[in-house]
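Laboratory data are not the source of any read-out in this text; all were calculated from the coordinates shown. Note that the coordinates shown come from a computational prediction; the quantities given were computed from them, not determined experimentally. Here the Cβ is made from the backbone with ideal geometry for all residues, glycine too, and neighbour counts use every protein chain on show.
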Amino acid sequence: MVYGQDIDNAGRRISWARHLDIIAHELTHGVTKYTADLVYQDESGALNESISDIFAIAILNLSAGRSDPCTWTWELGPGLGAGGGPIRDLSDPARGTPSQPDHMTSYLVTSSDNGGVHTNSGIHNLAAHRIFLARLASGALALEPEDVVRVYYYVLSTLTSNATFLDTRTRFIEVVRAVFDTNRDLKEMISLYEAAYQSVGIQ
């Protein structure tokens, strides 16, 4: 796999493969290829990028033993973006390189970058960030992070290759209903996840 390089202050080439989150992001593209096989163009391509970001952030934080997403870092590739910032920030898409929109009303229509796949992915990333953080009225997490990741994998396994953000929202809710049908908090969970997607205009 090709991960890319940067050059340090001494002029040495340093591989991006030294970063666990970058490795996880790229390997997740392989998972996507052999599940939904999302077309790498326009909205399905942005979803492809977002899924890789979601899994990368989860792997980075869970491997560090962070069980509570309130303690997570949401930066992907910190220091590798413009001005020493991150490549992506799921909690604040505008901090990414390139800067990303945080709502469907700002969805970028462009002919470059396969239709803005590295830009528009920030919209779905922010919805996922809010899903990880969603808490019930009791204060408990609506779902543990590992369960959120499992749901996204189930979703990925059932999407078509031209799936949109809205398709993903629909399938996410369907999977939660099916897998957690006996959970007494299911209705509240569904409401929280619908709100997370609605907050970024995916409705």
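Numbers for the structure displayed
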| read-out | value |
| --- | --- |
| Read-out semi-axes √(5λ) of the Cα gyration tensor in Å, derived from the coordinates shown; its label in (i) 23, 22, 15; (ii) 28, 19, 16; (iii) 25, 20, 17 | (ii) |
| Label-to-label distance, nm, for residues given as SER111 and ALA178 (7 Å Cα→Cβ offset) | 4.1 nm |
| DSSP loop trypsin sites (Lys or Arg not before Pro) with at most 16 other Cβ within 10 Å excluded, longest remaining stretch of the chain | 67-183 |
| Rounded tilt (10° steps) of 186-198 against the dominant C-alpha axis of the chain | 40 degrees |
| Length released on extending from CYS70 to ASP147, taking residue separation times 0.36 nm less the Cα-Cα span | 26.1 nm |
| Potential extension, ALA195-LEU166 segment - 0.36 nm per residue separation minus Cα distance | 9.1 nm |
| Loop-exposed chymotrypsin sites (Phe, Trp or Tyr not before Pro) per DSSP, neighbour cap 14 Cβ within 10 angstrom, longest uninterrupted part of the chain | 35-203 |
| Dipole of segment 29-198, positive end: most advanced residue of PRO145, THR164, MET104 [Cβ charges, Cα centre] | PRO145 |
| Cα centroid separation - segment 58-79 against segment 161-198, whole Å | 23 Å |
| Mean Cα-pair separation over length for the chain, i.e. relative contact order, pairs under 8 Å, 6 or more apart, % | 20 percent |
